[in-house]
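Each remark here refers to the structure printed beneath this line.
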Amino acid sequence: MKTMEHIAAVVKYIGFLALFLCTVSPTQAQSRPNENMIFWDIKAVLPESKLLDIKAIDKEGTYHDVKAIQDSYDISLLNVKALVNGQTIPVKMIVKEDDKYYPVKAIDYEGQILDVKAIGEDGEILDVKGVSRMGNLIEVRALDKEQRQYDVISISPRDQVNHVKGLKMFSEEVEAVIQGYKIFAHVKSLKQY
């Protein structure tokens, strides 16, 4: 009986380790997107059927696309990356300091942090944050000035829809450290069943 419990624990650990190694590479930034990749749009959904673009904003105020990247037929778990100056850079949920919620940020290859925001048609900018946790998943929402929360989704070119969430692989507060920033969770596009 104890042997079976031990084997189950080892298999679970190996599965998390494999997922971690597939989603976190040593360089974290890819210089050239693979031509077989399919880019899904990331949007915030407002109640009046409006979709707001999700962008990464650098320190100069330049907007960069944020996309879910499909590199196989499987759409159940996609990486979310920012496309910055020809690079695909990671989008992560960082450890909150004094904030009520977990900030969602992109971290470039030089260690610069980019804000991830939802952009309204009238120029309104909404924060994108991790707001609540259920097990290993953290809900990612766009928040307006009144702190109303809106879903964040990814949409494929074929109109398939996934939900954007934070994914924790370990129970510790700090999941990893990238360019000196403490990562709370990895931002992913997940198929909802």
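Taken together, the values in this text are just the output of simple stated rules run on the coordinates, not laboratory data. Because the structure is predicted, anything quoted here is derived from the model rather than measured. Reconstructed Cβ throughout: ideal geometry from the backbone, glycine too, with neighbour counts over all protein chains shown.
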Worksheet, complete the sentence: Applied in sequence order to segment 169-186, the curve 6.51 cos²θ - 1.76 cosθ + 1.60 (Karplus, θ = phi - 60°) yields integer Hz couplings, x standing for Gly and Pro, of 9, 10, 7, 5, 4, 9, 7, 6, 10, 10, 6, x, 9, 7, 9, 8, 7, 9
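Rounded if a/c is under 1.5, else prolate if a/b is larger than b/c, else oblate: which is segment 154-193, with a ≥ b ≥ c the root eigenvalues of its Cα gyration tensor? Display every interim value, and only then the final one.
On the way: a/c = 5.56, a/b = 2.25, b/c = 2.47.
Cα axes put segment 154-193 in the oblate bin.
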Discussion item. For a test of the definition: using alpha carbon positions, the gyration tensor, and the 1.5 limit on a/c, classify segment 29-190 as rounded, prolate or oblate.
Written reply: rounded
Worksheet item: How do the peptides 112-123, 170-181 rank, highest first, by the average count of neighbouring beta carbon atoms within 10 Å per residue?
Response: 112-123, 170-181
Discussion item. Skipping prolines and chain starts, which residues have an amide H placed within reach, meaning under 5 Å, of the one on residue 184, given they are 5 or more residues away or on another chain?
Written reply: 93, 94, 95, 175
Fill in: Table column - 3J(HN,Hα) (Hz), segment 88-101, Karplus curve with 6.51, -1.76, 1.60, x for Gly and Pro
9, 10, x, 10, 9, 9, 8, 4, 7, 9, 9, 7, 6, 10
